[in-house]
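The values are calculated or read from the model by the stated rules, or taken from the named source; none is laboratory data. Note that this is a predicted model, so its numbers are computed, not measured. Don't worry about glycine lacking a Cβ; one is built from the backbone with ideal geometry, like all the others, and counts go over all protein chains shown.
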Amino acid sequence: MTHRVLTGITTTGTSHIGNYVGAIRPAIEASRRPGVQSFFFLADYHALIKCDEPARVERSRIEIAATWLAAGLDPERVVFYRQSDIPEITELTWLLTCVTAKGLMNRAHAYKAASDVNVAAGEDVDAGVTMGLFSYPILMAADILMFKAHHVPVGRDQVQHIEMARDIAQRFNHLYGRGRELFVLPGAVIDEQLATLPGLDGRKMSKSYDNTIPLFDGGAPALQAAIARIVTDSKLPGEPKDPDASHLVTIHDAFADPAERTALRDALRDGLGWGEAKQRVGARIEQALGPMRARHAELVAHPERIEQILLEGAAKARAIAGPFLAELRDAVGLRPMVAVAAPAVAKKAAKAAALPEFKQYKEGDAFYFKLVAADGRLLLQSRPFAQGREAGQWVGKLKSGGAQALADAPVTFGDGVAATEVGHALNDLSMERLQTR
Ligand code: TRP
């Protein structure tokens, strides 16, 4: 079976060597393996969430597309496209939005981080939070689910979003799949070894720490200058150094073969000065990146070539997305209007009859709940409660506890309804709850 791998790159800046080593290079290598179908895309709708500077978004799309192509992405093998060229993705986002619990989004890291800061600062919890930021994981779920990706290689910070995509997919499958798996449940892949290239200061290389080494920006001089700023200990030339305590060595290793790795370690143990070691590391990385940088510059000088490649990618992506979306629209009931055959309707009603429903309501000053079978018969009737919460708590208990919770519940059975029927109904409901988790 083909193994589908999908990943998106938010187009808000340029890449650093941590992105290259941790994401771009392994993704391209994986895309060359037999039996793998890769989908790589520019997440430019996501870029709009973080960035309201059109020129920056425009520039970054060109930069990042050129980076992936220069790094060896083969657009013949990989479906390489812009998210914003696939209108089916925004449409799917809405279908998913309609089945996504708001509570799930409340827990998303990006939103929580923003709202925690607001609360700590004594501001309104949602100050400065757009619906784009809040719903960000749903758009991402649409990206992933549209192409039935099995694996989504991402950084640690994105793992929660993949889990949310799984949750949303499960819920949609349950509601609309009628026994079929409409969506494939995706898994996150984090490569522990690769995921964290250290930055200049030894912490994870990241724009937010301002400790990055640019991949192409500024050319070879900027590369060498950044490497010169890598923090080392203060041992002098001639003093033996511990190569395994140095992140200069870790950065070197990401570009070197085993023999070169050993050679640098030996030299450091023999007293090679840090200045000279940095020259060596810089030269080695330049050797790897120089030819790529030239290809990158060539592409950036000819954005129309990139445009062409991306349009071809979009055509391939839409050839998949279009028919799948049609299937999904049909599944939710957005169908061409034709005479609906009576038996089909009856069948659907029978299917819906499988599960009874709790209803809570207020009459006068009192709160009540009842359990109604799908055919409309009253199964259970509660006594009146002074507080709506009390009624709600009993419903919760009955839903999760199944027939066992019935024993001490303040309810009476509907006319002619047998306790066993209600017990079965409650058990079905509690099973259903488990499955929809
Ligand atoms: N949110 C991801 C990031 O910032 C980018 C992204 C968007 C993505 N859609 C995706 C990654 C789908 C994987 C799959 O890194």
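Summary of computed values
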read-out	value
Which listed residue, of Val129, Val125, Val152, is more than 20 Å from Ala326 (Cα to Cα), within 10 Å of the ligand (Cβ to nearest atom), aliphatic (A, V, I, L, M) and in contact with a helix residue (DSSP H, G or I) (Cβ under 6 Å, 6 or more places away or on another chain)	Val152
Any hit, the stretch 176-188, residues being out of contact with any helix residue (DSSP H, G or I) (no Cβ under 8 Å at 6 or more places or on another chain), free of Cβ contacts under 8 Å to residues at least 12 places away in the same chain and of a type in the set (Gly, Ala, Ser)	yes
Residue check, Ala165 in contact with a Pro (Cβ under 7 Å, 6 or more places away or on another chain), within 11 Å of the ligand (Cβ to nearest atom) and part of a helix (DSSP H, G or I)	yes
Per-region count, the stretch 231-267, residues over 32 Å from the mean Cα position of the chain (by Cα) and not in a helix (DSSP H, G or I)	14
Strands (runs of 3 or more DSSP E) enclosed by the stretch 1-91 - at least 2 residues per element that are within 12 Å of the ligand (Cβ to nearest atom) and without any contact (Cβ under 8 Å) to a residue 40 or more places away in the chain	none
Residue match in the stretch 260-279 (condition: in contact with a Lys or Arg (Cβ under 7 Å, 6 or more places away or on another chain) and closer than 19 Å to Ala226 by Cβ)	yes
Residue list for the stretch 136-186, restricted to those being acidic (Asp, Glu) and either at positive phi or within 9 Å of the chain's Cα centre (by Cα) (or both)	Asp143, Glu163
Conditions (1) in the same structural domain as Ile285 (by TED's automatic domain parsing); (2) of a type outside the set (Asp, Glu); (3) modelled with pLDDT under 95; number of the one not met by Leu223	(3)
Count of residues meeting criterion [within 16 Å of Leu355 (Cα to Cα), of a type outside the set (Val, Ile, Thr) and surrounded by 15 or more Cβ atoms within 10 Å (Cβ to Cβ)] in the stretch 379-400	4
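Conditions (1) within 12 Å of the ligand (Cβ to nearest atom); (2) part of a loop (DSSP other than H, G, I, E, B); (3) touching a Phe, Trp or Tyr at 6+ places or on another chain (Cβ under 9 Å), marked per residue:
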position: Gln158; (1), (2), (3): yes, no, no
position: Ala169; (1), (2), (3): no, no, yes
position: Asn173; (1), (2), (3): no, no, yes
position: Leu182; (1), (2), (3): no, yes, yes
